[in-house]
Amino acid sequence: GLFGNKGWKPAWRDPAPKAEYDAIIIGGGGHGLSTAYYLAKNHGLTNVAVLEKGYLGSGNIGRNTTIVRANYFLPGNSEFYSHSMKLWEGLEIDLNYNVMHSQRGLINLFHSDGQRDAFVRRGNSMINQGDDAILLDREGVREMLPYLDFEQTRFPIYGGLYHPRGGTARHDAVAWGYARGADRRGVDLIQNCEVTGIDIENGRVTGVQTTRGAIKAKKVGIVVAGRSSQVAAMAGMRLPIESHILQAFVTEGLKPVIDHVVSFGMGHFYISQSDKGGLVFGGDLDFYASYASRGNLPMVEHVMEAGMTLMPMIGRAKVLRSWGGIMDMSPDGSPIIDKTHVDGLFIDCGWNYGGFKAVPASGYCMAHLMATGESHPVAARFKLNRFATGHILDEEGTGSQHN
Ligand code: FAD
């Protein structure tokens, strides 16, 4: 474009909303767009609209730190994330779009005997699932990550769990690739169209109210991440979800120095280096519920301190910017892909800090549920009523890694 190329065309159409669709997806983030894509591709449902209140990719899909991994521990989660990893591995060919998926390897550090035991268990569970995990001792970590502080640190590094197929992908390219793929199959992607109400008659969904008028549909999927409680409330639901801010940071571009994704085990800090050279890092949630997509200074300080403890050399880098996104936190750290009490109304939420890696499988399974009425086998445990029945999937309680 900068060189005077006038031939660029928009990658997707900008259609006006029709009066009626077979299915509506509320939310044009990663999960909404992938749901629409797989509805069209896997189930032949193309009379579908994605309604996005802002622009496509304006939410968390464009705000995350891009980590992709399949290192979950619990049955229920591990087969789902394993399925997602396989979809990632074929995604660029499937979409014919460069999402810059980079399997550069992920290393979770441990700093005590107890943490080592937990990671050995996790690694065995990953291998049992058919994924990859290698236990590194301290020297193994030193060889791969020589820039960490091994000598003077308050939290000595005992070793790491290495997940070679883990890595990163370019987050907004993922949204754009799914958007283009859905559009080409006939899905209408409608931006600047906020859903303000859900129409229900005799226990069945009949459509939605939006800032661009009423639209009818017999099937509606709520896929709005941090706004899940607000949108579900339009159908009279009270979700077991709290919305919290998660912040992230990027430095100025540097020469290649960090080849992997690395997470610290004694504080909330994880890091990778983007293909532009910026060090991309983050930590834990701001611990108060909020819908403001910006965070506060105490967490900034905590993340910077943890980074300096782990790799003092990071102190030389200049932080370019920070931002926040609204996380849909579930009580057990696991997601929900389920029907609701309203016929034809479905929900996909509860992705916590980790929904980027789930984008392919979430859309795949949500599309399966909306098209067939049955849960996909790899998402069969992601039921809304598990908080009532007690069949929770407490991934948080297994010492899971964030992001
Ligand atoms: P979003 O992109 O937020 O999509 C939801 C969309 O719904 C938004 O575009 C919103 O505008 C729209 N919407 C809301 N209400 C309405 C309405 N009423 N009408 C119409 N549209 C509406 N995950 C990982 O796996 N790895 C990571 O490294 C990672 N790092 C993260 C770092 C940060 C700082 C943050 C914020 C998140 C991170 N995540 C990570 C989590 C991941 O980004 C999210 O779980 C995931 O993106 C959420 O799904 P989504 O993409 O569909 O959400």
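Only the coordinates and a few stated rules stand behind these numbers; no lab work does. The shown structure was predicted, so the numbers you read here are calculated from the model rather than taken from an experiment. Here the Cβ positions follow ideal geometry from the backbone for every residue, glycine too, while neighbour counts run over all protein chains shown.
Just a few scattered comments:
- Cβ charges +1 (Lys, Arg) and -1 (Asp, Glu), total dipole of the chain, debye: 1020 debye
- Legend: translational diffusion of region 6-53 by Stokes-Einstein, Rh = Kirkwood radius over C-alpha pairs, 20 °C, 1.002 mPa s; D = 182 µm²/s.
- Percent of Cα pairs in region 294-382 per distance bin of 5 Å, from zero to the largest separation: 3, 12, 17, 16, 13, 10, 9, 9, 7, 4, 2, 0.
- About its Cα centre, region 301-342 has a charge dipole of approximately 320 debye under the convention of +1 per Lys or Arg Cβ and -1 per Asp or Glu Cβ, with nothing else charged.
- Over the Cα atoms of region 1-149, the radius of gyration divided by the Kirkwood radius equals 1.08; this is the Rg/Rh ratio.
- Residue of HIS391, HIS111, HIS268 that the Gaussian network model of the chain assigns the largest fluctuation, springs spanning Cα pairs under 10 Å: HIS391
- Each residue of region 80-92 was assigned a 3J(HN,Hα) from its phi angle through the Karplus expression (A = 6.51, B = -1.76, C = 1.60, θ = phi - 60°), giving 5, 6, 5, 4, 4, 4, 5, 5, 4, 5, x, 5, 5 Hz with x at Gly and Pro.
- Projecting the Cα atoms of GLN129, LEU246, TYR55 onto the charge dipole of the chain (Cβ charges, centred on the Cα centre) puts TYR55 farthest toward the positive pole.
- Rg over Rh, two decimals, the chain (C-alpha only, Kirkwood Rh): 0.97
- Take the Cα radius of gyration of region 249-355 and divide it by 2.2 N^0.38 Å, N being the number of residues; the result is 1.30.
- All C-alpha pair distances within region 82-186, sorted into 5 Å bins from zero, spread as 2, 11, 17, 17, 13, 12, 11, 8, 5, 2, 1, 0 percent across the bins.
- For region 230-237, Karplus couplings with θ = phi - 60° (6.51, -1.76, 1.60), whole Hz, Gly/Pro x: 5, 6, 5, 4, 5, 9, x, 9
- Only the Cβ atoms of Lys and Arg (+1) and of Asp and Glu (-1) were treated as charged; on that basis the dipole of region 54-182 about its Cα centre amounts to roughly 280 debye.
- Under a Gaussian network description of the chain, with springs only between Cα atoms under 10 Å, the residue in ARG63, ARG204, ARG185 that fluctuates furthest is ARG204.
- Listed residues GLY105, GLY315, GLY177, most fluctuating in the chain (Gaussian network, C-alpha, under 10 Å): GLY315
- In terms of other Cβ atoms within 10 Å, SER229, SER362 run from fewest to most in the order SER229, SER362.
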